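Here is the structure we will look at.
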Amino acid sequence: MASLLIKNGRVVTADSDAVCDILIEGETIAAIGKNLPVQADEVIDATGKIIVPGGIDPHVHLDMPFMGTFSSDTHETGTRAALHGGTTTVIDFVLQKQGHSLREALAEWQGRATGTAVGDYSFHMAVTDFNPSTKEEIKDMVAEGITSFKTFMAYKGALMIDDAQMVGLMQEVRRHGGLVTAHATNGDMIDTLIAQHRAQGKLTPRYHYLSQPEVTEAEASGRFADIANYTGVNAYIVHLTCEGALNQVRRATERNQRVFVETCIQYLLLDASLYGDDFEGAKWVMSPPLREKKDQQTLWAGINQGLVQVVGTDHCPFMWEQKRMGADDFSKIPNGHPAIEHRMELLFSEGVSKGRISLQKFVEVTSTNAAKIFGMFPRKGTISIGADADLVLIDPEKKHTISATTHHMNVDYSGYEGWELTGKIDTVLLRGKVAVDAGETKVGRGYGRFIRRGPVNY
Ligand code: URP
Ligand code: ZN
Ligand code: ZN
């Protein structure tokens, strides 16, 4: 079995921080300690580097059929780009087609990901049609290691389920020890506002943002929390963006309910001033849309208060040509934004380097909490003996600039073009193998493995 010794790095987990060595044997961590008295086949000197657990992005859409097209990163290109940014595991969404089974959808996604993913991956199952036969399939999905079930409270006619289906799904998922997640926005209200804007000839990307005001998210977040509280299921809100929605989660804590919250890197760093009068704003047409500065403050505070446990991306890239499907009508712009590659470096630079969050909080929200919530801990999400050797070596002072000309994502623009960051990911290991080093990919198509998951362990 091959061995690898990483020497003298500052090893940071959610609950420890020390300069030490890490010995890897095969795919897992065999020993951790100061000046380990061992020989290894290969040695990496990590002096001056910070070593954190491989990132976990629990919200990505790879090769996903959506709004008349497909998101432009495949499981191969998307997971490769993720590795370059220190994310060693992603959780992608399988979408049930209304009128079809969960099993069929899973087979379709397995067909795209198996043997192609470069990094490790798992799946959430998005239930878009909860009925007596889907109900029977919930336990089968849990047996496959798919323990989280996504719901959409918007995108009516394609993905949205109503409250009756939500209650039934939550009751069934609870019976099998799973987790229900939600895109929590009020779909009917949004559709009404979209129709009103279109009828008035208000068709630029800015009206995408104006069709999804804060109340649409706050209302649905509260409703989702209420139904989850009634059914007793483990609940998680994806891509939460704003103060009104987070206040609903705060309210839920007053009755001793725990609702897990994910925000995404773009909601912490970008705001609605990017939606100007021209089509440029299409780069940030995503749902929910970017919000206000006060919402960013709420989200940073929410991370530090422990109300927001996860920072993901909702990576759902589209080429500019695809975005132009909505050149004359904002409602036809495919919703989504590329970010899988830069989540960790952006959060390190704008969060840790600028003193908004601690290094340990960084580890929690980029890796450990997702591993615990989504049933992968301690195999993933930490640096401990027996864990997968998924490690990220960061040069904390190194400066670099984001550009579509150098990124690895299969998309021809960046929402962060020209941003100069402090802190660069140098080397990434996935299950004991150097996967990325000094900008070069060292593992190939098919190296990524499907990760079966268990119950919430948070
Ligand atoms: O705009 C977004 N978020 N696109 C992907 C689908 C979703 O709602 O997560
Ligand atoms: Zn969503
Ligand atoms: Zn999404």
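The values are calculated or read from the model by the stated rules, or taken from the named source; none is laboratory data. Note that the structure is a prediction, hence the values are computed from the model and not measured. Using ideal geometry, Cβ is built from the backbone for each residue, glycine included, and neighbour counts are taken over all protein chains shown. Quick note on the areas: whole protein, heavy atoms, side chains included, nothing else; ligands and nucleic acids left out. Shrake-Rupley method; radii C 1.70, N 1.55, O 1.52, S 1.80 Å.
What to note about this one:
- Which numbered condition Thr185 fails, given (1) β-branched (Val, Ile, Thr); (2) closer than 22 Å to Phe374 by Cα; (3) crowded, with 23+ Cβ neighbours inside 10 Å; (4) in contact with a helix residue (DSSP H, G or I) (Cβ under 8 Å, 6 or more places away or on another chain): (2)
- Segment 334-348 residues that are under 15 Å from Ala404 (Cβ atoms), paired with ones that are within 16 Å of ligand 2 (Cβ to nearest atom) and open to solvent by 10 Å² or more (accessible area, probe 1.4 Å) (beta carbon under 9 Å, 6 or more apart): His337/Trp284; His337/Asp314; Ala339/Asp314
- Here the condition is being more than 16 Å from ligand 3 (Cβ to nearest atom), within 19 Å of the chain's Cα centre (by Cα) and free of Cβ contacts under 8 Å to residues at least 40 places away in the same chain; of Gln296, Gln305, Gln309, it holds for Gln296 alone.
- In segment 256-268, the condition of being touching a helix residue (DSSP H, G or I) at 6+ places or on another chain (Cβ under 8 Å), among the hydrophobic types (A, V, I, L, M, F, W, C), over 21 Å from Gly55 (Cβ atoms) and not in a loop (DSSP other than H, G, I, E, B) is met by at least one residue.
- Filtered by the rule that a residue be within 16 Å of ligand 1 (Cβ to nearest atom) and within 12 Å of the chain's Cα centre (by Cα), segment 55-77 gives Asp57, Pro58, His59, Val60, His61, Leu62.
For (1) open to solvent by 40 Å² or more (accessible area, probe 1.4 Å); (2) polar (S, T, N, Q); (3) part of a loop (DSSP other than H, G, I, E, B); (4) in contact with a Gly (Cβ under 7 Å, 6 or more places away or on another chain), each residue gets a yes or a no:
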site: Gln196; (1), (2), (3), (4): yes, yes, no, no
site: His208; (1), (2), (3), (4): no, no, no, no
site: Thr216; (1), (2), (3), (4): no, yes, no, no
site: Ala225; (1), (2), (3), (4): no, no, no, no
site: Tyr236; (1), (2), (3), (4): no, no, no, no
site: Leu246; (1), (2), (3), (4): no, no, no, yes
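- Flag if Lys283 is open to solvent by less than 30 Å² (accessible area, probe 1.4 Å), at pLDDT 95 or above and either in a helix (DSSP H, G or I) or in the same structural domain as Glu417 (by TED's automatic domain parsing) (or both): no
- Of all residues making up segment 25-45, the number that are closer than 12 Å to Arg431 by Cα and among the polar types (S, T, N, Q): 1
- Here is the figure for segment 309-334: residues that are surrounded by fewer than 21 Cβ atoms within 10 Å (Cβ to Cβ) and in a loop (DSSP other than H, G, I, E, B) total 4.
- Single unsatisfied condition, Ala272 versus (1) within 22 Å of the chain's Cα centre (by Cα); (2) away from ligand 1 (no atom under 16 Å from the Cβ): (2)
- Test: residue in segment 171-178 that is open to solvent by 30 Å² or more (accessible area, probe 1.4 Å), modelled with pLDDT of 95 or more, away from ligand 3 (no atom under 16 Å from the Cβ) and on the phi > 0 side of the Ramachandran plot: yes
- Screening segment 41-157 for strands (runs of 3 or more DSSP E) wholly inside it with 2 or more residues that are touching a residue at least 12 places away in the same chain (Cβ under 8 Å) and open to solvent by 50 Å² or more (accessible area, probe 1.4 Å) returns the ranges 42-45.
- Residue check for His197: away from ligand 3 (no atom under 16 Å from the Cβ) and either aliphatic (A, V, I, L, M) or under 26 Å from Asp328 (Cβ atoms) (or both): yes
- Of residues in segment 316-338 being within 25 Å of the chain's Cα centre (by Cα) and more than 21 Å from Ala158 (Cα to Cα), the one nearest to ligand 1 (Cβ to nearest atom): Pro338
- Qualifying residues in segment 182-207 (those that are in contact with a strand residue (DSSP E or B) (Cβ under 8 Å, 6 or more places away or on another chain) and touching a residue at least 60 places away in the same chain (Cβ under 8 Å)) - the one farthest from ligand 1 (Cβ to nearest atom): Ala184
- Whichever residue in segment 16-36 is aliphatic (A, V, I, L, M) and open to solvent by less than 50 Å² (accessible area, probe 1.4 Å) and, among such residues, is nearest to Lys361 (Cα to Cα): Ala18
- Flag for Leu240 being surrounded by 23 or more Cβ atoms within 10 Å (Cβ to Cβ), of a type outside the set (S, T, N, Q) and under 16 Å from the mean Cα position of the chain (by Cα): yes
- Residues (part of a loop (DSSP other than H, G, I, E, B) and open to solvent by 10 Å² or more (accessible area, probe 1.4 Å)) located in segment 288-308: Arg291, Glu292, Gly306, Leu307
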